[in-house]
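Each remark here refers to the structure printed beneath this line.
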Amino acid sequence: MKKRGLNVKNVKEYLGLGSVQSVYHWLDGSSMPTIDNLYALSELLQVPIDDMLCGNRELKRNDGKRNFAKRVQCYYKKLVERIQGRMV
């Protein structure tokens with residue numbers, strides 16, 4: 001968002017959200033945007049969806065099977081974190 005000169009209010013307005021709380025929850029990792037909002041955010045921020053979900057730029061340097069394995073590990077880690085967060 002900083003790179004594009006955007007703030008939370010700009011994102012809220014672009015997506016047509018009722019309040020900025022959703023955006024703050026996405027940023028702190030306590031919730032995830034819908035797939036529709038992910039696509040819109042990808043366009044607004046000019047960032048691939050995979051980069052928003054994993055947030056690991058290192059993945060781009062690897063290729064082939066190693067890249068796929070790292071992505072799966074990243075998604076698995078995030079899934080476990082979300083499940084554990086719900087159990088607490």
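The values are calculated or read from the model by the stated rules, or taken from the named source; none is laboratory data. Since the structure is predicted, the reported quantities are computational estimates derived from the model, not experimental observations. Here the Cβ is made from the backbone with ideal geometry for all residues, glycine too, and neighbour counts use every protein chain on show.
Are there any pairs with C-beta distances below 6 angstrom linking a residue in segment 14-26 that is within 22 Å of ILE49 (Cβ to Cβ) and touching a residue at least 24 places away in the same chain (Cβ under 8 Å) to a residue that is in a helix (DSSP H, G or I) and of a type outside the set (Gly, Ala, Ser), with the two at least 6 apart or on different chains, and if so which?
TYR14/LEU44; LEU15/ASN37
So in segment 61-88, with the set limited to residues that are among the basic types (Lys, Arg) and at pLDDT 65 or above, which one is nearest to the chain's Cα centre (by Cα)? Full working, then the answer.
Step one: list which residues in segment 61-88 are among the basic types (Lys, Arg), which gives 61, 65-66, 70-71, 77-78, 82, 86.
Checking the rest, the ones that are also at pLDDT 65 or above come to 70-71, 77-78, 82.
Working: LYS70: 17, ARG71: 14, LYS77: 14, LYS78: 11, ARG82: 13 Å.
Among those residues, the one meeting the criterion is LYS78.
Show the residue pairs that are 6+ apart or on different chains and have beta-carbon atoms under 9 Å apart, the first residue being within segment 61-88 and in a helix (DSSP H, G or I), the second being of a type in the set (Asp, Glu) and modelled with pLDDT under 75.
Qualifying pairs under 9 Å: LYS70/GLU58.
Can you tell me which residues in segment 34-60 are assigned to a loop (DSSP other than H, G, I, E, B) and at pLDDT 90 or above? Before you say what the answer is, go through the steps one by one.
First, the residues of segment 34-60 that are assigned to a loop (DSSP other than H, G, I, E, B): 34, 46-48, 55-56.
Correct list: THR34, GLN46.
Please work out which residue is surrounded by the fewest Cβ atoms within 10 Å (Cβ to Cβ), limiting yourself to segment 1-25 and to residues that are within 13 Å of the chain's Cα centre (by Cα) and under 15 Å from LEU44 (Cα atoms).
Here is the first cut: in segment 1-25, the residues within 13 Å of the chain's Cα centre (by Cα) are 1, 22-25.
Then keep just the ones that are under 15 Å from LEU44 (Cα atoms); that gives 1, 23.
Details: MET1: 15, VAL23: 21.
The selected residue is MET1.
Counting only residues that are of a type in the set (Ser, Thr, Tyr) and not in a helix (DSSP H, G or I), which one in segment 17-32 is modelled with the highest pLDDT?
Going through segment 17-32, the residues of a type in the set (Ser, Thr, Tyr) turn out to be 19, 22, 24, 30-31.
Remaining after also requiring not in a helix (DSSP H, G or I): 19, 30-31.
Numbers: SER19: 93, SER30: 80, SER31: 84.
Filtering segment 17-32 for residues that are of a type in the set (Ser, Thr, Tyr) and not in a helix (DSSP H, G or I), the one modelled with the highest pLDDT comes out as SER19.
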